[in-house]
2 protein chains.
Amino acid sequence: MSSIPTGRLEDTGYRLTAPRRAVIDALARTDRPFTIEELSEQLPNIGRATVFRTIKLLHELDIVCRVPLEDGRIRYETSHSGRHHHHLICGECGSVTEFSDPALDEAIEQNASTASFELDGHSAELYGRCATCRRLP
Amino acid sequence: MSSIPTGRLEDTGYRLTAPRRAVIDALARTDRPFTIEELSEQLPNIGRATVFRTIKLLHELDIVCRVPLEDGRIRYETSHSGRHHHHLICGECGSVTEFSDPALDEAIEQNASTASFELDGHSAELYGRCATCRRLP
DNA sequence: TGATCCAATGATACGGGGTCGCAATGCGAC
DNA sequence: GTCGCATTGCGACCCCGTATCATTGGATCA
C-alpha cells in the first residue's frame, strides 16, 4: 500500500475532486498492475469514463504508467519511482517490476546518436519469468 | 520495393493462396509502416479478416513486425532483417528504422540476470525525430 | 483428369478497450 | 450568494482485432 502524491495534481492546476480521490485511493490499495475494467469494478459509483480520464491524467503526471504486455494488451501500474524506468514483466504471475539502468539508457542514446536521431522518449520491456515463479531464493 | 520471402510460407506448411499472394504483393509495394486498415483499402477484393489473418501469420514467421507507437497504437512493417531488432520511430514523418545492437541486448540481459529474471523476450522502441526531418546531411 | 479432403476465405457478428458529446453538477473565486 | 468553468456521468460511438460458420479452392492421390 503505497501513498500517491496527490499534491502533484493540484500543483498542476487540476482539481482534487471526490471521484479523483476515490480512484487514487483505489490505486493505493492495489499493488499489482491493473486494467481499467478491474479498477472500475472496485468503484461502482464512479463513471467508467471518469476512471479512464483520471488514469489518463495520472499517466500524464507520471503517477501511473502504462505496461504493454507481450500480446499488445495494456495494463496500468502506479509508478513507484515517478521517474523514467523500464519493466520486468512476468508472464506467469503477471507481476511487474520497475528498474532503471544508466547503462541501458546509455546504449539507447548511443544508437540514436549514431543514426542522427533526436531522441525524445523510449520504452523497454522485458518479458519472462520472475524469480518467485522460478522458485529461486 | 523489397522482395518478400514467400518460400518461408510453404516451407512451414501453409498454402500460398491467391489472397495471401495479394497481401504479400501489396506489402512489397509499400516501404512504410502501415495499419491493417490502410492495407485493406488497397485490397478491396480481399476480406478484412483475411488481411488480419495473413498479417498475423506473416508476423509469426517474422516477415512483418509490429511497431508500437508512443500513444499505444500499432502499425506493422515488413521486417528487413527477419531477425530480432529494435526501432527508431520518427514522430514527425512516421518513418521506422530497424537497428540491432549487441550492447543494448547485453544491457537488457544484464538487468534480467541481476533480478534473477528468466528472460524470454524483450522490446525496445526509440521515439523522436529522424535525421531527415531534422534536415541533417 | 477427376474426386476428395481439409486449409483457407469472406461475411458478419461480436468483444475489449477507449473516446466523444452533452447536459447536469459542483468547486473555487469574487 | 452566484458565476464560470472544470469535471462528471451516461450513453453512444469508434477502432482494432477475433470468433463463427457456411462456402471455396488447392494439393494430393487414384
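Observations on the model:
- Output for the range B:39-70, where each listed residue is surrounded by fewer than 16 Cβ atoms within 10 Å (Cβ to Cβ) and over 21 Å from A:ASP71 (Cβ atoms): B:GLU41, B:PRO44, B:ASN45, B:GLY47
- Among all residues of the range B:42-52, there is none that is more than 14 Å from every other protein chain (Cβ to nearest Cβ), closer than 17 Å to B:GLU125 by Cβ and within 15 Å of DNA strand D (Cβ to nearest atom).
A quick yes/no check of all residues on (1) closer than 25 Å to B:GLY91 by Cβ; (2) at pLDDT 95 or above; (3) small (Gly, Ala, Ser):
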residue: B:ILE4; (1), (2), (3): no, no, no
residue: B:ARG8; (1), (2), (3): no, no, no
residue: B:VAL23; (1), (2), (3): no, yes, no
residue: B:ILE36; (1), (2), (3): yes, yes, no
residue: B:ARG48; (1), (2), (3): no, yes, no
residue: B:ARG53; (1), (2), (3): no, yes, no
residue: B:ILE63; (1), (2), (3): no, no, no
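- Filtering the range B:112-137 to residues that are more than 7 Å from chain A (Cβ to nearest Cβ) and at pLDDT 95 or above leaves B:SER113, B:THR114, B:THR132, B:CYS133.
- For the range B:44-57, the condition holds for no residue, the condition being that it is more than 13 Å from DNA strand C (Cβ to nearest atom) and in contact (Cβ under 8 Å) with a residue 12 or more places away in the chain.
- All positions within the range A:10-21 that are exposed (fewer than 14 other Cβ atoms within 10 Å of the Cβ) and at pLDDT 85 or above: A:ARG15, A:LEU16, A:THR17, A:ALA18
- Screening B:ASP62 on (1) in contact with a Lys or Arg (Cβ under 8 Å, 6 or more places away or on another chain); (2) more than 14 Å from every other protein chain (Cβ to nearest Cβ); (3) within 16 Å of DNA strand C (Cβ to nearest atom); (4) not small (Gly, Ala, Ser) shows it passes everything except condition (3).
- Taking the range A:31-136 and the helices (runs of 4 or more DSSP H) fully enclosed by it, the elements with 1 or more residues that are assigned by TED's automatic domain parsing to the domain that holds A:ASP11 are at A:36-41, A:48-60.
The values are calculated or read from the model by the stated rules, or taken from the named source; none is laboratory data. The model shown is predicted, which means the values in this text are computed figures rather than measured ones. Here the Cβ is made from the backbone with ideal geometry for all residues, glycine too, and neighbour counts use every protein chain on show.
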